[in-house]
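Here's the structure we're looking at; comments come further down.
The values are calculated or read from the model by the stated rules, or taken from the named source; none is laboratory data. Because the structure is a prediction, the values reported are computed rather than measured. Here the Cβ positions follow ideal geometry from the backbone for every residue, glycine too, while neighbour counts run over all protein chains shown.
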Amino acid sequence: FSSTNYLKGAKNHFRYRLQGYHDNWIYTTQENKIASYANLKPGNYVFHLEVADHEGNWSGRTYTLPIAIIPALWDTPWAYAIYVLIS
């Protein structure tokens, strides 16, 4: 992620969280602006991002991105029903 504030942009700070996975904010800087999640369970999540300027003033605006992780085809209720019928 990035900020459109280019005045001393190298000193911008970010905080993010993935609602449904963890509720605490993770703080980072302009140099380390990557959020990475692995092995998320199927479900619905909301990614929240906020930015602070070079003086540490938070914008007060939260950017959100809804994320839906669907289960693999072989891990759905329909697949398990077929497994039971076959066995």
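Structure notes:
Residues are listed down the side, and each one gets a yes or a no for (1) within 21 Å of I70 (Cα to Cα); (2) exposed (fewer than 11 other Cβ atoms within 10 Å of the Cβ); (3) modelled with pLDDT under 85; (4) of a type in the set (V, I, T):
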| residue | (1), (2), (3), (4) |
| --- | --- |
| Y21 | yes, no, no, no |
| N32 | no, yes, yes, no |
| P42 | yes, no, no, no |
| L49 | no, no, no, no |
| A52 | no, no, no, no |
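So that you can scan it fast, the table gives a plain yes or no per residue for (1) in a loop (DSSP other than H, G, I, E, B); (2) surrounded by 13 or more Cβ atoms within 10 Å (Cβ to Cβ):
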| position | (1), (2) |
| --- | --- |
| G56 | yes, no |
| T64 | no, no |
| I67 | no, yes |
| W74 | no, no |
| Y80 | no, no |
| V84 | no, no |
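- Residues located in segment 39-54, provided they are part of a strand (DSSP E or B) and aliphatic (A, V, I, L, M): V46, L49, V51, A52
- Residue that is nearest to the chain's Cα centre (by Cα), among those in segment 26-38 that are of a type in the set (S, T, N, Q) and in a loop (DSSP other than H, G, I, E, B): S36
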